[in-house]
1. Can you list the HN-Hα couplings for region 217-233, worked out from phi with the Karplus curve (6.51, -1.76, 1.60; θ = phi - 60°), rounded to whole Hz and with x for Gly and Pro?
2. For a quick check, take a GNM of the chain with Cα springs below 10 Å and name the residue from Arg106, Arg60, Arg231 with the largest mean-square fluctuation.
3. Label 7 Å along Cα→Cβ of Ala134; region 45-79 residues with amide nitrogen under 11 Å?
4. In whole angstrom, how long is each semi-axis of the equivalent ellipsoid of region 4-123, when you take the square root of 5 times every eigenvalue of its Cα gyration tensor and sort them from largest down?
5. Round to the nearest 0.05 the FRET efficiency obtained for Ala181 and Asp15 when R0 = 35 Å and r is the Cβ-Cβ distance.
6. Obtain the nm distance between the two label points defined at Asp220 and His232 by a simple spin-label model: each point lies 7 Å from its Cα along the Cα-to-C-beta direction.
7. Round to the nearest 0.05 the FRET efficiency obtained for Arg203 and Ala252 when R0 = 51 Å and r is the Cβ-Cβ distance.
8. Return the sequence-ordered ³J(HN,Hα) values of region 40-54 in whole Hz as given by the Karplus equation 6.51 cos²θ - 1.76 cosθ + 1.60 applied to θ = phi - 60°, using x for Gly and Pro.
Amino acid sequence: MANADNWAAILAGGDGQRLRSFTRTLTGDERPKQFCRLLGTHTLLTETRQRVCLHVASERTGYVVTRGHEPFYRDELADAAGWQVIAQPVNRGTTAAVLYALRRIRAQGGDGALGLFPADHFYSDPAAFRRTIAGAYTLAHAHPHAIVLVGAEPDRPETEYGWIEPGPALQDARMLPGLGAARSVKRFAEKPSVDVARALMGRRSLWNTMIVVGRLSAFDELLAAAVPELRHEFAALADAPSPDAEAAIVGAIYDAIGSSDFSRDVLASQPERLAVVNLRDSGWTDLGQPARVLDVLARYNASDTHQATG
């Protein structure tokens, strides 16, 4: 059951450039992958919503989208309250998306733990996902200053994923039975060479899924330390007296800022604030490239993929 102290933000504002030719052939239009039915009867966004709602009440989940994609998400998010559709004027990367989501949730009186979930993942074993995410939220509630990363156990020296190298186990990792030890984070490696990836596997490093859970206050502390100027820009939203005023402020912010990647520019710069749990035996795949989509389709038939992504 969803915990009343849990919040979520589903990150669905990307442009899907790497998969664009594939999705254009599939749909006949320019919709990004998160609004496509790549594997089953639902879009990747809907499949992500179905996974997240087991941990977070639907009314406590925000959806970070980009306004230019509105024709593709309008019907899909028709059941969401106004505050939940966090529409960016343009895509400025994941750091801005996280900051905007954090401000919207704060404006709703949000407290407790927030989970960030990309909208382009596949799991061959959804039960492993549910088990690990429940543990990540539990860990975030117990460690109010920590940000918990979810890392996937690698099965090959992948050079297109980011990697997380774990450090020592946390002292009270025993609170996560069946998940193994929750560990500190030593460092990140982004898209390493094959030789480096092999070495990372040898050190039992994990793939970076970009699923992140932490107290809202911990996200505030992390962002203040890593990107203080950008955080200050978004702080102006706290004074917006109306949706129209917020839209004007957001427009000015997005006009003024450049693109920033949350994993590279925020998480990797503050490893001492992080912990990582192992999403083992889940069959996780980031559906960011055509080859990965085709691989999933080859390994699982159509009925299986709908069940696995749900």
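Here, each number is a calculation from the coordinates, and none is a lab measurement. Note that the structure is a prediction, hence the values are computed from the model and not measured. Here Cβ is always computed from backbone atoms with ideal geometry, including for glycine, and neighbour counts include all displayed protein chains.
1. 5, 5, 4, 4, 5, 4, 5, 5, 7, 8, 9, x, 5, 5, 4, 4, 4
2. Ranking Arg106, Arg60, Arg231 by mean-square fluctuation puts Arg106 first.
3. 55
4. On the way: eigenvalues 114, 48, 29 Å².
Over the Cα atoms of region 4-123, the semi-axes work out to 24, 15, 12 Å.
5. Working: r = 38 Å, r/R0 = 1.07.
E between Ala181 and Asp15, to the nearest 0.05, is 0.40.
6. Those two pseudo-labels are separated by 1.8 nm.
7. Values: r = 45 Å, r/R0 = 0.88.
Once rounded, the FRET efficiency stands at 0.70.
8. Rounded to whole hertz, the list is x, 8, 10, 6, 4, 5, 5, 4, 5, 4, 5, 6, 5, 5, 6.
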